[in-house]
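First the structure, in the form of structure tokens, and then the observations on it.
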Amino acid sequence: MNMSLKTFKPLITPAATILYNLLLVYIVYFLARMIYLLENWSFLAQGLTFSHFMEMLGGGLVFDTSAILVTNIPYIVLMLLPVHYKETAVYQKICRALFLVVNGLALAVNLCDAVYFPYTMRRTTTTVFNEFSNENNLGGIFLTEALHHFYLIIAFVVLMWALYKCYRTTKLKAKELVWWQYDLATLLSLAAFAPFVVAGIRGGFTTAVRPITISNANQYANRPIEAALVLNTPFSLYRTIGKATFVVPEYFKSETELAAVYQPIHVPHDSVAMTKKNVVVFIIESFGREYIGALNKTLDNSQYKGYTPFVDSLINKSISFKYSYCNGRKSIDGMPSVLSSIPMFIEPFFLTPSSMNQVTGIAGLLDKKGYKTAFFHGAQRGSMGFMAFARATGFQQYYGREDYVSDNRFGGDADFDGTWAIWDEPFMQYYAAKMSEMKEPFMTAIFTATSHNPYVIPEQYKDVYPEEHLPIHKCIRYTDMSLRKFFEKASKEPWFNNTIFVITSDHTNDSDHAFYQTDLGGFYSPIIIFEADGSRQPEIQDKIAQQIDILPTVMGMLHYDEPYFGFGIDLLNTPKDDTWAVNYLGGIYQYIKHGLLLQFDGTNTRAVYELEDSLLQHNVAGQRPQQPQMERELKAIIQQYMERMTQDRLQPNK
């Protein structure tokens, strides 16, 4: 037995040593998080329960894993180099020094950030370097804070001493090794470590999970401020390197001048008592306007074909708009636009440091009025960061694939599409059933998934909806059918006639019409508002609409009686000539108003097109009297956006 252990010791020791030493780092991160909590107890202890604290620790483990693996990649590689000659005392000292320096820096920034937190209410990101780039008194500030928080210095010294004392070396001798066994073992260990390191950095193995960002911390936080306890500072720093997304322009020199042109703070426009109708929002994957027959009656193409017979019939009972647009081109753009009235400028809001700002949305606003709120997405929890954003913006409940599977009334994982989520038809039935269990008034939203690449539908529908010109077409037909069955089920429920339904897409998708393949055509999304009680006259209004208008429009329909924040407008209470839309594409802002499209690069207008010029073939820049005012308005929108994002002013009182 002893001979056997001696034989295998050189093969397992390097990998085992790495795992042991990384475990020490996990302990250091845990203790740093506890220090962070204690240092900021008055901020973070409010409403803190043991179960929620454990939830945040579980979330923190995800972010700690990412940070620990990123910062320790050089150490792991050095330890597992398949060269047996490296097993010397000098080489081991070099590895230990690298290990202590890297993790010492990580500990230092975590402890420093505990002091800085009261000023920012969030973990520090790389924007801090821009924030203080013009300061020349930082040395004095650091010295003063160090004296005031001397106990943190003591904690740093004690933890680093413990890390040094507990650190293990391999204690192997090159001359005693069978070189080919050692080299092969370390090479295999390095290959085995690689996928786990990549998965740990990304936040998981599955294809449905995007690489985690700082906004994912909201998934484990009840309040935005708690996300700081879930995160760690090394992660927040490295994840935002090169992400100086928002730069504030100086188009307007004063806040008064800026607000006179454009103001994203909404105040009640009447004194009517609030109407507490239910609100149900459908964000349908890739459900572009192109596929909807009722919204394309004037499309100049004799070959046009619609794929949505049910939605067509619903539009005849609803309010929709002649021109309607999404505010981004990705799924992660759709949710902030639709539910929080935040468009995508430069980068998806989810992926920027500003995602940690205090932000609300339809759910958060209505939560204050006693509404029950819930978000539904048939993918696994954590997919696309939706759960984190839902929680951050006020949704009280989140229902995903795991919740569907645990409900014995439905088909469980047999209804999983194999790639992304539960098929639309059964998940919408689940959606209707869960709403019938909620106390009114309620506000819910669902983000569907079937009409997503790889564009597959359930086996039993392949003959019903065969392949057409584009692979997505059969998915659109299937989802339209799923909507029909949802409304058939919902219409039998007592809450149905007291509900405002909003249907839109997250973004557009594959196109086979030139009209929808232009710079602007790629943003055409439906916005459909249906009230089951028939209290409004159905029509396709001759207005310009966009996703960020949904929140203000719903608030207007409910006669919401408090100020709120939103970049969009109340469509139903805004005259046609004052409606507008904006989106961002490849460094160009596109502003639609007065029957014109203005394309602006942040400094100069690049082009102006008539909306009737459907293929954008005739640039009329400098030839329309509305252009100067449109430029001024767009500049105000951009500046308000950038200022409020960088200054954490996404609330009406800021």
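The table that follows gives values for the structure above.
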{"quantity": "Candidates 419, 393, 360, 373 - the one that is β-branched (Val, Ile, Thr) and under 14 Å from residue 449 (Cα atoms)", "calculated": "419"}
{"quantity": "Residue match in segment 484-506 (condition: more than 24 Å from residue 279 (Cα to Cα), open to solvent by 30 Å² or more (accessible area, probe 1.4 Å) and touching a helix residue (DSSP H, G or I) at 6+ places or on another chain (Cβ under 9 Å))", "calculated": "no"}
{"quantity": "Failed criterion for residue 15 (all others in (1) modelled with pLDDT under 90; (2) within 27 Å of the chain's Cα centre (by Cα); (3) open to solvent by less than 60 Å² (accessible area, probe 1.4 Å) hold)", "calculated": "(2)"}
{"quantity": "Test result for residue 323, part of a strand (DSSP E or B) and of a type in the set (Phe, Trp, Tyr)", "calculated": "yes"}
{"quantity": "Scan of segment 415-445 for residues that are open to solvent by less than 20 Å² (accessible area, probe 1.4 Å) and in contact with a strand residue (DSSP E or B) (Cβ under 8 Å, 6 or more places away or on another chain), ordered by number", "calculated": "421, 422, 427, 428, 430, 431, 435, 442, 443, 444, 445"}
{"quantity": "In segment 450-497, the residues that are closer than 16 Å to residue 421 by Cβ, without any contact (Cβ under 8 Å) to a residue 40 or more places away in the chain and β-branched (Val, Ile, Thr)", "calculated": "456, 457"}
{"quantity": "Close pairs from segment 221-235: first of a type in the set (Asp, Glu), partner open to solvent by less than 10 Å² (accessible area, probe 1.4 Å), Cβ under 8 Å, at least 6 apart", "calculated": "226/44; 226/56"}
{"quantity": "Members of segment 584-598 that are in contact (Cβ under 8 Å) with a residue 40 or more places away in the chain and open to solvent by less than 20 Å² (accessible area, probe 1.4 Å)", "calculated": "589, 590, 591, 592, 593, 597"}
{"quantity": "Selection within segment 21-58 - part of a helix (DSSP H, G or I) and open to solvent by 70 Å² or more (accessible area, probe 1.4 Å)", "calculated": "23, 27, 30, 38, 41, 42, 50, 51, 54"}
{"quantity": "Only one of 157, 109, 102, 115 that is at pLDDT 85 or above and open to solvent by 70 Å² or more (accessible area, probe 1.4 Å)", "calculated": "157"}
{"quantity": "Candidates 295, 258 - the one that is under 28 Å from residue 612 (Cβ atoms), among the hydrophobic types (A, V, I, L, M, F, W, C) and either modelled with pLDDT of 90 or more or crowded, with 17+ Cβ neighbours inside 10 Å (or both)", "calculated": "295"}
{"quantity": "Matching entry among 566, 587 (being within 21 Å of residue 327 (Cβ to Cβ) and at pLDDT below 95)", "calculated": "587"}
{"quantity": "Filter result (crowded, with 21+ Cβ neighbours inside 10 Å and farther than 23 Å from residue 350 by Cβ) within segment 387-414", "calculated": "404"}
{"quantity": "Candidate set: segment 69-127, residues that are over 37 Å from the mean Cα position of the chain (by Cα) and among the aliphatic types (A, V, I, L, M); chosen: the one nearest to residue 246 (Cα to Cα)", "calculated": "97"}
{"quantity": "Unique residue being modelled with pLDDT under 95 and within 15 Å of residue 234 (Cβ to Cβ) when the list is 151, 91, 75", "calculated": "75"}
{"quantity": "Some residue of segment 304-320 being over 26 Å from residue 385 (Cα atoms) and at pLDDT below 85", "calculated": "yes"}
{"quantity": "Cβ-Cβ under 9 Å pairs, at least 6 apart or on other chains, segment 180-191 side at positive phi and surrounded by fewer than 20 Cβ atoms within 10 Å (Cβ to Cβ), far side among the aliphatic types (A, V, I, L, M) and modelled with pLDDT of 75 or more", "calculated": "none"}
{"quantity": "Of all residues in segment 353-410 being touching a Pro at 6+ places or on another chain (Cβ under 9 Å), at pLDDT 95 or above and in a helix (DSSP H, G or I), the one that is farthest from residue 429 (Cα to Cα)", "calculated": "366"}
{"quantity": "Options 457, 472, 527, 476; residue that is within 28 Å of residue 556 (Cα to Cα) and open to solvent by less than 20 Å² (accessible area, probe 1.4 Å)", "calculated": "527"}
{"quantity": "Tally of residues being within 20 Å of residue 438 (Cα to Cα), touching a strand residue (DSSP E or B) at 6+ places or on another chain (Cβ under 8 Å), outside any helix (DSSP H, G or I) and polar (S, T, N, Q) across segment 477-512", "calculated": "1"}
{"quantity": "Qualifying position, being among the hydroxyl-bearing types (Ser, Thr, Tyr), at pLDDT below 95, more than 29 Å from residue 373 (Cα to Cα) and surrounded by 20 or more Cβ atoms within 10 Å (Cβ to Cβ), among 516, 465", "calculated": "516"}
{"quantity": "Test for residue 649: is it in contact with a Phe, Trp or Tyr (Cβ under 9 Å, 6 or more places away or on another chain), charged (D, E, K, R) and exposed (fewer than 15 other Cβ atoms within 10 Å of the Cβ)", "calculated": "no"}
{"quantity": "Members of segment 237-255 found to be assigned to a helix (DSSP H, G or I) and either open to solvent by 40 Å² or more (accessible area, probe 1.4 Å) or touching a Cys at 6+ places or on another chain (Cβ under 8 Å) (or both), listed by number", "calculated": "238, 239, 255"}
{"quantity": "Subset of segment 534-574 [under 28 Å from the mean Cα position of the chain (by Cα), small (Gly, Ala, Ser) and surrounded by fewer than 24 Cβ atoms within 10 Å (Cβ to Cβ)]", "calculated": "556"}
{"quantity": "Checking residue 311 against (1) touching an Asp or Glu at 6+ places or on another chain (Cβ under 7 Å); (2) crowded, with 24+ Cβ neighbours inside 10 Å; (3) more than 25 Å from residue 471 (Cα to Cα), the condition it does not meet", "calculated": "(3)"}
{"quantity": "Check on residue 123, part of a loop (DSSP other than H, G, I, E, B), in contact with an Asp or Glu (Cβ under 8 Å, 6 or more places away or on another chain), at pLDDT 70 or above and among the charged types (D, E, K, R)", "calculated": "yes"}
{"quantity": "Restricting segment 326-352 to residues that are of a type in the set (S, T, N, Q) and in a helix (DSSP H, G or I), the residue that is farthest from residue 546 (Cα to Cα)", "calculated": "331"}
{"quantity": "Residue within segment 67-78 that is under 14 Å from residue 167 (Cβ atoms) and either of a type in the set (Gly, Ala, Ser) or open to solvent by less than 10 Å² (accessible area, probe 1.4 Å) (or both) present", "calculated": "yes"}
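The values are calculated or read from the model by the stated rules, or taken from the named source; none is laboratory data. It should be emphasised that the depicted structure is a prediction, and the values quoted were computed from it without experimental measurement. Here the Cβ is made from the backbone with ideal geometry for all residues, glycine too, and neighbour counts use every protein chain on show. Just so you know, the surface numbers come from the protein's heavy atoms only, side chains and all, with ligands and any DNA or RNA stripped out. Shrake-Rupley method; radii C 1.70, N 1.55, O 1.52, S 1.80 Å.
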